[in-house]
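The values are calculated or read from the model by the stated rules, or taken from the named source; none is laboratory data. Remember, predicted model here, so these are calculated numbers, not experimental data. As a convention, Cβ positions derive from the backbone with ideal geometry for all residues, glycine included, and neighbour counts pool all protein chains shown. The area values use the complete protein model at the heavy-atom level, side chains included, leaving out ligands, DNA and RNA. Shrake-Rupley method; radii C 1.70, N 1.55, O 1.52, S 1.80 Å.
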Amino acid sequence: MEKQPSLITKIKVNDATFHEETVDGLSYVNFFFGKNGAGKSTIAEAFYNPENIEWHEGEAPEEHQILVYN
């Protein structure tokens, strides 16, 4: 079974341990895991800045609610 792609196509991260990185291949539910200091919280915080999020063509960000559990 393939995962259903998200309406968010990319997250741009340029903070803490990341330098001009992108996270893509997102689905509607995503899990980020790793050791302390790996950047999990940095990725979660990127969702709070609309400039970091790239949406699927034709989607209006104001019509969606992003939920982050960190």
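Is there any pair linking a residue in region 48-70 that is within 18 Å of THR22 (Cβ to Cβ) to one that is open to solvent by 100 Å² or more (accessible area, probe 1.4 Å), with Cβ under 6 Å and at least six apart or on different chains, and which?
As it stands, the answer is none, since no pair meets every condition given.
For the subset of region 47-56 comprising residues that are in a helix (DSSP H, G or I) and at pLDDT 90 or above, which member is least open to solvent (accessible area, probe 1.4 Å)?
Per the stated criteria, the residue is ASN52.
Among what's in region 26-40 and is at pLDDT 90 or above and small (Gly, Ala, Ser), pick the residue that is surrounded by the fewest Cβ atoms within 10 Å (Cβ to Cβ).
GLY34
Answer yes if at least one residue in region 32-44 is polar (S, T, N, Q) and more than 14 Å from ILE11 (Cβ to Cβ), and no otherwise.
Yes, because at least one residue in region 32-44 is polar (S, T, N, Q) and more than 14 Å from ILE11 (Cβ to Cβ).
Which residues, taken from region 1-13, are surrounded by 13 or more Cβ atoms within 10 Å (Cβ to Cβ) and in a loop (DSSP other than H, G, I, E, B)?
Scanning region 1-13 gives SER6, LEU7.
Would you tally the residues in region 1-20 being over 11 Å from the mean Cα position of the chain (by Cα) and more than 19 Å from GLN65 (Cβ to Cβ)?
Number of matching residues: 10.
Read through the list (1) outside any loop (DSSP other than H, G, I, E, B); (2) surrounded by 10 or more Cβ atoms within 10 Å (Cβ to Cβ); (3) of a type in the set (D, E, K, R), then give the number of the only condition that GLU59 fails.
With respect to (1) outside any loop (DSSP other than H, G, I, E, B); (2) surrounded by 10 or more Cβ atoms within 10 Å (Cβ to Cβ); (3) of a type in the set (D, E, K, R), GLU59 is out only on (1).
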